[in-house]
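The values are calculated or read from the model by the stated rules, or taken from the named source; none is laboratory data. For clarity, every value in this text was computed on a predicted model and none was experimentally measured. Glycine gets a Cβ as well: all are built from the backbone with ideal geometry, and neighbour counts include every protein chain shown. Accessible surface areas use protein heavy atoms only, side chains included; no ligands, DNA or RNA. Shrake-Rupley method; radii C 1.70, N 1.55, O 1.52, S 1.80 Å.
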Amino acid sequence: MYHKVDPLTPGPLTVTTEQLRQHITYLQTSGYQFVTLNQVLNSVASPAIALPRRSVLLTFDDGYENNLTYAVPILHELSVSATIFVPTAYVGQTNVWDEGTDALLTVEQLKGLSEAGIALAYHTHEHLNFKNETGARIRADLEQSHAEAERMGLPMAPAFSYSYGGRPKNPADRQLMRETMARLGIKLAFRIGNRINPLPLRDLYELNRIDVRGSESFARFRRKVKWGKLV
């Protein structure tokens, strides 16, 4: 799970172009196989279509314009695809949920990325932390995200990532969230977790991702990829 990419300056949510290239190259030369979101969806739909044992799905949250400027050329260079999770209320704006000024991808840019083989998927409408919301509020946000993506003509894959990794703790709220996702056709939902997903995939609305931070060392990246959550 990545967020921002910058040529020079790393941070908790930002990797440099050098780090991104180093990470991908390491995975490619260490026996990992990059898969697309469509491959994961096909595997879920048909158990006979097994994913490689050491599969890696590359994802970017929030839809920053710097993904297009700095990440996509590296992905093309190294023949790797990725998925960008889009908070639909802020397309073409900035990351106001962080009180930030980082530009987000426009409708036209997102469509161009889709045509270039980058998958687009849902990341709530208003970048809400579902951990702090009622089931009714979550349902409304999911429905609005779906409707807004259709209005903009974005070719969204039936997948979702939780903003901040947050899911409701109340069982009734969580059940309503899952029912809404199923009704909207969402097949997969990704949290953070920092754990390795065993294959075949199990709880499809609780898929783990490794949180990649530019402020962490390459050695730590390697350990997280191999072992998952670090104490």
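Data overview
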{"item": "Protein-only accessible surface order, largest first, of 131, 169 at 1.4 Å", "result": "169, 131"}
{"item": "Dipole magnitude of the stretch 129-231 about its Cα centre (Cβ charges: Lys, Arg +1; Asp, Glu -1), debye to nearest 20", "result": "680"}
{"item": "Whether the stretch 1-105 is rounded, prolate or oblate, judged on the alpha carbon gyration tensor where a/c under 1.5 counts as rounded", "result": "oblate"}
{"item": "Residue-by-residue Karplus 3J(HN,Hα) for the stretch 189-195, coefficients 6.51, -1.76, 1.60, Hz, glycine and proline x", "result": "9, 10, 9, 9, x, 6, 10"}
{"item": "Choice from 78, 20, 207 showing the highest fluctuation, given a GNM over the chain with Cα pairs closer than 10 Å", "result": "78"}
{"item": "Whole-percent carbon and sulfur share, accessible surface of the chain, 1.4 Å", "result": "50"}
{"item": "Exposure of residue 220 as accessible area (Å², to 10), given a probe of 1.4 Å and all protein chains", "result": "80"}
{"item": "Mean accessible surface per residue for the chain, computed with a 1.4 Å probe while every protein chain stays in place, in Å²", "result": "47"}
{"item": "Ratio of Rg to Rh over the stretch 22-171 (Cα coordinates, Kirkwood Rh, two decimals)", "result": "0.98"}
{"item": "Calculated SAXS-style log₁₀ I(q)/I(0) at q = 0.19, 0.30 Å⁻¹ - the stretch 38-99, Debye, Cα scatterers", "result": "-0.85, -1.24"}
{"item": "Share antiparallel - DSSP beta bridges, the chain, percent rounded to 5", "result": "10"}
{"item": "Estimated 222 nm signal from helices in the chain, with DSSP H stretches of n ≥ 4 weighted -39500 (n - 2.57), rounded to 500", "result": "-10500 deg cm²/dmol"}
{"item": "Most mobile of 71, 172, 159 in a GNM of the chain (Cα contacts under 10 Å)", "result": "172"}
